[in-house]
Amino acid sequence: MFLLLLMIIKRFFAKEYNLSEDIANRAAIITRGYPYLIQLIGFYMWELLKARTPDENTLGKATVQARAMMFQNVHKLLYRELSQGDKDFAHAMAMDENTSRFADVITRTGKEKNYLSTYRLRLIDSGYIKAVGRGELAFSLPFTREFLQQEEALAEL
């Protein structure tokens, strides 16, 4: 089902913005099917393409702008609602490139499995993260990892 959604998004971007198949495909993948991000990427592509034809830089610039808006309008709001335990759990997950193993989160935080299970369940129930396999977790929204990494960098200043 997810692949079908990405194909539909790719066709939309290719047709509406006269993008090559490669650029349209990358744009669709960046959105991960998230409606607000589709809207943002589309809006910034439209803005950037008013004056020129699409190229490699167009998608990159649109992605940077869309990510900044996602950080401001989605991630910051969700992050404020997390407890400190939720934040610690999420930051431990943000150290991984893709999915996170629950066992690795336990090791990184130095907390007991039973203690962290509460936060894992809270984050799953809230939709902040999702279980993607036995003991494997992933962030539900695009750019969550990058947002958390930015928050860590800002906290160190």
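Looking only at region 58-79, residues that are surrounded by fewer than 16 Cβ atoms within 10 Å (Cβ to Cβ) and either touching a Ser or Thr at 6+ places or on another chain (Cβ under 8 Å) or within 13 Å of residue 30 (Cα to Cα) (or both) come to 3 in all. Of all the residues in region 33-57, those that are over 14 Å from residue 14 (Cβ atoms) and surrounded by 17 or more Cβ atoms within 10 Å (Cβ to Cβ) number 6. Taken over region 80-112, residues that are modelled with pLDDT under 95 and surrounded by 11 or more Cβ atoms within 10 Å (Cβ to Cβ) amount to 0.
Among the residues of region 136-153, is there at least one that is over 19 Å from the mean Cα position of the chain (by Cα) and either part of a strand (DSSP E or B) or touching a residue at least 24 places away in the same chain (Cβ under 8 Å) (or both)?
At the first step, the residues of region 136-153 found to be over 19 Å from the mean Cα position of the chain (by Cα) are none.
No - not one qualifying residue is present in region 136-153.
Taking region 48-112 and the helices (runs of 4 or more DSSP H) fully enclosed by it, the elements with 1 or more residues that are farther than 22 Å from residue 36 by Cβ are at 56-70, 84-93, 102-109.
The values are calculated or read from the model by the stated rules, or taken from the named source; none is laboratory data. This one's a predicted model, so the numbers in the text were calculated from it and none came from an experiment. As a convention, Cβ positions derive from the backbone with ideal geometry for all residues, glycine included, and neighbour counts pool all protein chains shown.
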